[in-house]
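See below for the structure under consideration.
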Amino acid sequence: MPDYGLTVNDGVKYIKVNRYDSGGLDRSDYLGQLQSITLTYPDRGSVLYPILTTQEQANFYLYGISATEATSSRGDINDYTFASSASFGYNISQSFSLTGYCENYTNTSGNTLGYFPASSGLYNFGQTPNPELNVSIQYTVTNPNAGSKTLRFYILSVNKNDGRPTLYEDKIVGTGASGFSISFTNINPTYCIENDSLAFGVYEVSSVIATPIVLNTFKVTLSQTQTAFNGSSSLTIFNPDTINFDYNDYNPLLGNAEIPQYSTTWMDIDYSQNPLVPINFGLIISGTADRAFVQDSNYNSKAWSNIRYNGSKTTSYRIN
């Protein structure tokens, strides 16, 4: 089969821009002349979109843009909360292991995207989250030891496989604690990208190895919330950023004669008070009277003088 080039079916194809700015000013004169728009994505960098079509609507402009390779934004907003929990009752590992994260969750809700198989314990991203991703963890433990020990909760980016947790936080469990509750909230892992997998677990980082701590319950909650946007984004660049309106189709005064053309030779004769003797006769004699509102070229331009002074003749047989 012959190669007809790259066919792009995914990615941004239209961009909608409000025609009124934050101050209520109609920017149609500018938006109607945009040539391209640049959007900046956290995982793909700056992407330039040449504008192919411009549709002016009542309150916005809709730009049809040249399709490019798929970006991290696919047009849908994932606004949801997912939670999964289990009762385990097993000893927490006393060292970190790439395979030691929690598995076989028993209670799951909000898994509308199907990203979380409860048995594997891995949260698999079908696409890069567009809103901010928040992670909250709550778990309870029992410490049978005579002294306190330190636990480390961690998030593991499985695909990186670099031998260490991607994000973690330590907590101290007191002496003899039973059903001790630990929680982590507002964790914002910025490393989440499409096709990545996250695992969640706990292990000991205590310096003294003694009786292992028992993990009683474990719950993980992930949420993506799309908040209202107030203001402007520095991640969007419009081209051209400014437009010169002096010689612009949107300038309603373009071509207007705003300053009268005066003659350099002929003077204005003022008969406003006497039809026979001009009131500025003395100024005319001295050569200091106001100049006439006429162009000097009118006296040597055939297009002007023929129709007013010299006359013209037609030889059309239908008229003569």
> Tell me, which residue of the range 174-208 that is modelled with pLDDT under 70 and assigned to a strand (DSSP E or B) is surrounded by the most Cβ atoms within 10 Å (Cβ to Cβ)?
Replying inline: 184
> In the range 274-296, which residues are surrounded by 13 or more Cβ atoms within 10 Å (Cβ to Cβ) and in a loop (DSSP other than H, G, I, E, B)?
Replying inline: 278, 280, 289, 290, 292, 294, 295
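Out of everything in the range 24-35 that is open to solvent by 30 Å² or more (accessible area, probe 1.4 Å) and under 19 Å from the mean Cα position of the chain (by Cα), what residue ends up being nearest to residue 252 (Cα to Cα)?
In the first step, residues of the range 24-35 are kept if they are open to solvent by 30 Å² or more (accessible area, probe 1.4 Å); the result is 24-27, 29, 33, 35.
Pick out the ones that are also under 19 Å from the mean Cα position of the chain (by Cα) and you get 27, 35.
On the way: 27: 15, 35: 22 Å.
Residue satisfying both the conditions and the ranking: 27.
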>> With the requirement that a residue be at pLDDT 90 or above and exposed (fewer than 14 other Cβ atoms within 10 Å of the Cβ), what does the range 92-121 give you?
In response: 104, 106, 107, 109, 119
> Which of the residues spanning the range 150-170 are under 21 Å from residue 195 (Cα atoms) and either of a type in the set (A, V, I, L, M, F, W, C) or modelled with pLDDT of 80 or more (or both)?
Replying inline: 154, 155, 156, 157, 158, 167
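Counting only residues that are open to solvent by 60 Å² or more (accessible area, probe 1.4 Å) and among the polar types (S, T, N, Q), which one in the range 78-91 is farthest from the chain's Cα centre (by Cα)?
Of the range 78-91, the ones open to solvent by 60 Å² or more (accessible area, probe 1.4 Å) are 79, 81, 87, 90-91.
Next, only the ones that are among the polar types (S, T, N, Q) stay: 81, 87, 91.
On the way: 81: 24, 87: 43, 91: 47 Å.
My answer is 91.
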> Out of all the residues in the range 16-67, which are hydroxyl-bearing (Ser, Thr, Tyr) and either farther than 30 Å from residue 193 by Cα or in contact with a His (Cβ under 8 Å, 6 or more places away or on another chain) (or both)?
Replying inline: 20, 22, 28, 30, 53, 54, 61
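When the residues of the range 122-149 are filtered to those that are farther than 30 Å from residue 175 by Cα and at pLDDT 85 or above, which remaining residue is most open to solvent (accessible area, probe 1.4 Å)?
Here is the first cut: in the range 122-149, the ones farther than 30 Å from residue 175 by Cα are 122-134.
Filter again for at pLDDT 85 or above, leaving 122-124.
Numbers: 122: 31, 123: 3, 124: 52 Å².
Looking at the filtered set, the residue picked out is 124.
The values are calculated or read from the model by the stated rules, or taken from the named source; none is laboratory data. Fair warning: this is a prediction, and the values are worked out from it, not measured in the lab. No Cβ is skipped: glycine too gets one built from the backbone with ideal geometry, and neighbour counts run over all protein chains shown. Remember, those area values only see protein heavy atoms, side chains included, never the ligands or the DNA or RNA. Shrake-Rupley method; radii C 1.70, N 1.55, O 1.52, S 1.80 Å.
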